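Visitor: Let me give you the structure first, and then I'll get to my questions.
The values are calculated or read from the model by the stated rules, or taken from the named source; none is laboratory data. If you're wondering where the values come from, they're calculated on a predicted model, not measured in any experiment. Here Cβ is always computed from backbone atoms with ideal geometry, including for glycine, and neighbour counts include all displayed protein chains. The area values use the complete protein model at the heavy-atom level, side chains included, leaving out ligands, DNA and RNA. Shrake-Rupley method; radii C 1.70, N 1.55, O 1.52, S 1.80 Å.
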Amino acid sequence: MAVEGGMKCVKFLLFIFNFLFWICGIALIVIGIIVQMTLHKTLLITNASASGAPIVIIAVGVVIFFIAFFGCCGAWKESYCMITTFAVLLTLIFLVEIAAAIAGYIFKDKVKDVFSTALEDSMKKYNQSADFKKAVDTIQTDFHCCGSHNYTDWFIYRPNLTVPDSCCKTPILNCGKNVTSSNINQPGCAVTIDTWIQKNLLIVVGVALGIAFFQLLGIVFACVLMKAIRSGYEVM
């Protein structure tokens, strides 16, 4: 009787866990879409690897969404097959996340290079396309930066040694013609964005660890419930 009551508790804990996990999946999808839209609004990225992160976030969100569905239905109906599928898929996604975290740590220093390449390509097309002009102006204004590595990058594309007005600390018409340290944001955007990412990395790591912890709980609960169902305990 005590075991039966314990299994009933595990059943409802697994159901609640999967409901929360399902919400996390939706949240990741929304976050991924927002990040992807922001990247394309602020920077017309031509390098596929630069937009890879939000695509991965969306993909993981979709996978988690369906895995949580299996878990919820399996726990509610006490289906051994569905709970087993849930446990296997959750274990696989957990291993993939560990691999992705290791790869992200190894290649974290390449983020600046990716943004630098994308920025330089957008700067070349600054006067050729209104979309590229708007994208570069937006990122320079939002991040208070100028050029890719620094403001002198613009001198390659602007022979008159001026910078766009969006490089100014206080953007006004033709302010980019006065290239002085008191008037122009001198740091490059690739460096500034990389610094911003590094500052927010701890938040990302914290969220990732939290999700991983809940995944491990889900795997444990699923295995316990699988064993109970297979052993023939009544958990209703």
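Visitor: Name the residue, out of Ile93, Ile139, that is assigned to a helix (DSSP H, G or I) and either free of Cβ contacts under 8 Å to residues at least 60 places away in the same chain or within 30 Å of Asn183 (Cβ to Cβ) (or both).
Guide: Within the list Ile93, Ile139, the selection yields Ile139.
Visitor: Just to be sure before I move on: is Ala103 open to solvent by less than 90 Å² (accessible area, probe 1.4 Å), over 26 Å from Leu14 (Cβ atoms) and without any contact (Cβ under 8 Å) to a residue 24 or more places away in the chain in the structure I sent?
Guide: On the way: open to solvent by less than 90 Å² (accessible area, probe 1.4 Å): yes; over 26 Å from Leu14 (Cβ atoms): yes; without any contact (Cβ under 8 Å) to a residue 24 or more places away in the chain: yes.
When the stated conditions are applied, Ala103 passes them.
Visitor: For Gly147, work out the one condition from (1) farther than 17 Å from Thr117 by Cβ; (2) open to solvent by less than 60 Å² (accessible area, probe 1.4 Å) it doesn't fulfil.
Guide: It fails just one condition, (1).
Visitor: Report yes if Phe155 is assigned to a helix (DSSP H, G or I), at pLDDT 80 or above and either closer than 16 Å to Val191 by Cα or of a type in the set (Phe, Trp, Tyr) (or both), otherwise no.
Guide: Answer is yes for this residue.
Visitor: Among the candidates Phe70, Phe155, single out the residue that is touching a residue at least 12 places away in the same chain (Cβ under 8 Å), among the aromatic types (Phe, Trp, Tyr) and out of contact with any strand residue (DSSP E or B) (no Cβ under 9 Å at 6 or more places or on another chain).
Guide: Phe70
Visitor: Here's a follow-up. With respect to the numbered conditions (1) free of Cβ contacts under 8 Å to residues at least 24 places away in the same chain; (2) not basic (Lys, Arg); (3) not in a helix (DSSP H, G or I), which one is the sole condition not fulfilled by Cys145?
Guide: All conditions pass for Cys145, except number (1).
Visitor: If the Cβ limit is 9 Å and pairs must be 6+ apart or interchain, which residue in segment 209-231 that is over 15 Å from Leu89 (Cβ atoms) and open to solvent by 30 Å² or more (accessible area, probe 1.4 Å) pairs with which residue that is among the small types (Gly, Ala, Ser) and modelled with pLDDT under 80?
Guide: Partner pairs satisfying both residue conditions: Val224/Gly6; Ile229/Ser79.
Visitor: Checking the structure you have, find out if any residue of segment 193-200 is more than 19 Å from the chain's Cα centre (by Cα) and either more than 23 Å from Tyr105 (Cα to Cα) or among the acidic types (Asp, Glu) (or both).
Guide: No - not one qualifying residue is present in segment 193-200.
Visitor: What about Asp142, is it out of contact with any strand residue (DSSP E or B) (no Cβ under 9 Å at 6 or more places or on another chain), charged (D, E, K, R), open to solvent by 30 Å² or more (accessible area, probe 1.4 Å) and modelled with pLDDT of 85 or more?
Guide: For Asp142, the condition - out of contact with any strand residue (DSSP E or B) (no Cβ under 9 Å at 6 or more places or on another chain), charged (D, E, K, R), open to solvent by 30 Å² or more (accessible area, probe 1.4 Å) and modelled with pLDDT of 85 or more - is met.
Visitor: In the list Phe107, Phe132, Phe115, which residue meets the criterion of being within 26 Å of Thr170 (Cβ to Cβ) and modelled with pLDDT under 80? Reasoning before the result, please.
Guide: Numbers: Phe107 fails: within 26 Å of Thr170 (Cβ to Cβ); Phe132 fails: modelled with pLDDT under 80.
On inspection, the qualifying residue turns out to be Phe115.
Visitor: Next question. Is it true that some residue in segment 121-134 is without any contact (Cβ under 8 Å) to a residue 24 or more places away in the chain, at positive phi, over 23 Å from the mean Cα position of the chain (by Cα) and open to solvent by 60 Å² or more (accessible area, probe 1.4 Å)?
Guide: Checked segment 121-134: no residue is without any contact (Cβ under 8 Å) to a residue 24 or more places away in the chain, at positive phi, over 23 Å from the mean Cα position of the chain (by Cα) and open to solvent by 60 Å² or more (accessible area, probe 1.4 Å).
Visitor: Among the listed residues Ala59, Ala101, Ala87, Ala75, which satisfies the condition of being in contact with a Lys or Arg (Cβ under 8 Å, 6 or more places away or on another chain), closer than 22 Å to Trp22 by Cα and part of a helix (DSSP H, G or I)?
Guide: Only one candidate passes the filter, namely Ala75.
Visitor: Search segment 170-199 for residues that are touching a residue at least 12 places away in the same chain (Cβ under 8 Å) and pair each with any residue that is of a type in the set (Lys, Arg) and not in a loop (DSSP other than H, G, I, E, B) when their beta-carbon atoms are under 6 Å apart and the residues are at least 6 apart or on different chains.
Guide: These pairs meet every condition: Ala190/Lys112; Asp194/Lys112.
Visitor: Answer with yes or no whether Ile203 is surrounded by 15 or more Cβ atoms within 10 Å (Cβ to Cβ) and under 14 Å from the mean Cα position of the chain (by Cα). Before the answer, list the steps.
Guide: Details: surrounded by 15 or more Cβ atoms within 10 Å (Cβ to Cβ): no; under 14 Å from the mean Cα position of the chain (by Cα): yes.
It is false that Ile203 is surrounded by 15 or more Cβ atoms within 10 Å (Cβ to Cβ) and under 14 Å from the mean Cα position of the chain (by Cα).
Visitor: Further question: Looking at (1) in contact (Cβ under 8 Å) with a residue 60 or more places away in the chain; (2) over 28 Å from Ile58 (Cβ atoms); (3) among the β-branched types (Val, Ile, Thr), which is the only condition Thr162 fails?
Guide: (1) is the only condition that Thr162 fails.
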